[in-house]
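The values are calculated or read from the model by the stated rules, or taken from the named source; none is laboratory data. Keep in mind the model is a prediction, meaning the values are calculated, not measured. Reconstructed Cβ throughout: ideal geometry from the backbone, glycine too, with neighbour counts over all protein chains shown. The area values use the complete protein model at the heavy-atom level, side chains included, leaving out ligands, DNA and RNA. Shrake-Rupley method; radii C 1.70, N 1.55, O 1.52, S 1.80 Å.
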Amino acid sequence: FHTINLPRLAIEAHIAESTQDARVKLFFEKLDSMLEDAKGSLIDRFKLIAEKTYEKYPFTMQQGLYLTSDDKPHAITDKIGEVMKQSTLSIGYIGIAETSTLLTNKTYGVDADVHDLAVSIVKHIRDFCDECQKETHLNWSCFATPAEAVAGRFANIDKHKFQHEKKLADVDLYRIFGKGYYT
């Protein structure tokens, strides 16, 4: 899977645009670009792995950990592409609360409009994954990335890069970076 750093996209939109509508519009444009990049990368990775042979994954394939991996004898030189169609190409996201705050200057969880924006972002990613599934006939998923290391790493990188950005002066950066991680 790939994880998209939503707050980074929102920070960039906040710096580039002065109104909420313009920020939200630019954010979604940046998100669409990021989604296309993630899709391309995941498909490339899938194709690369699908060309591997059973001998590269002896335990996984011989123990039937993938459906159909052990339903008939396979030569060790057989490619695993058909079996890999049961895997999932996943696009994760992180920082939905911080993203909503950066785009609206309002606190997530307090304002209904902020909540609606957050839901629309997740729905946008989910809809993209659904379209990818129809297009590729592969399994696609969307989820809030549960990786604590990524949550802290992304927040730390963004803090060091943007904490002194003058165009973020109207944002309570402590609410964004103060925890040391993105939600």
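Report the residue count in the stretch 135-152 for those that are modelled with pLDDT under 95, assigned to a helix (DSSP H, G or I) and out of contact with any Ser or Thr (no Cβ under 9 Å at 6 or more places or on another chain).
Total meeting the criteria: 3.
Would you point out which residue out of 93, 108 is in contact with a Cys (Cβ under 9 Å, 6 or more places away or on another chain), not in a helix (DSSP H, G or I) and not charged (D, E, K, R)?
93
Could you give every pair whose Cβ atoms fall below 6 Å, whose first residue belongs to the stretch 113-139 and is farther than 16 Å from residue 28 by Cα, and whose second residue is among the basic types (Lys, Arg), counting only separations of at least 6 or pairs across chains?
Filtered contacts from the stretch 113-139: 132/39.
Residues of the stretch 8-48 being surrounded by 20 or more Cβ atoms within 10 Å (Cβ to Cβ) and of a type in the set (Gly, Ala, Ser), which ones?
10, 13, 38
Can you say whether residue 149 is open to solvent by 70 Å² or more (accessible area, probe 1.4 Å) and small (Gly, Ala, Ser), as far as the supplied structure shows?
Working: open to solvent by 70 Å² or more (accessible area, probe 1.4 Å): yes; small (Gly, Ala, Ser): yes.
So residue 149 passes the test.
If residue 128 meets every condition in (1) at pLDDT below 95; (2) surrounded by 11 or more Cβ atoms within 10 Å (Cβ to Cβ); (3) aromatic (Phe, Trp, Tyr) apart from one, which number is that one?
Result: residue 128 passes all but (1).
Yes/no per residue for (1) of a type in the set (Gly, Ala, Ser); (2) surrounded by fewer than 16 Cβ atoms within 10 Å (Cβ to Cβ):
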| residue | (1), (2) |
| --- | --- |
| 89 | no, no |
| 92 | yes, no |
| 109 | yes, yes |
| 117 | no, no |
| 120 | yes, yes |
| 133 | no, yes |
| 140 | no, no |
| 143 | no, no |
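Are there any pairs, at least 6 apart or on different chains, whose C-beta atoms fall under 6 Å, with the first in the stretch 140-156 and over 22 Å from residue 174 (Cβ atoms) and the second among the aliphatic types (A, V, I, L, M), and if so, which?
140/89; 142/91; 142/125; 145/94
Pull out all pairs, ordered by first then second residue, where Cβ-Cβ is under 6 Å, the residues are six or more apart or on different chains, the first lies in the stretch 17-41 and is more than 13 Å from residue 5 (Cβ to Cβ), and the second is among the acidic types (Asp, Glu) and not in a helix (DSSP H, G or I).
23/17; 26/17
Out of the residues in the stretch 167-178 that are open to solvent by 70 Å² or more (accessible area, probe 1.4 Å) and touching a helix residue (DSSP H, G or I) at 6+ places or on another chain (Cβ under 9 Å), state the one that is farthest from residue 105 (Cα to Cα).
Filtering first and then ranking leaves 167.
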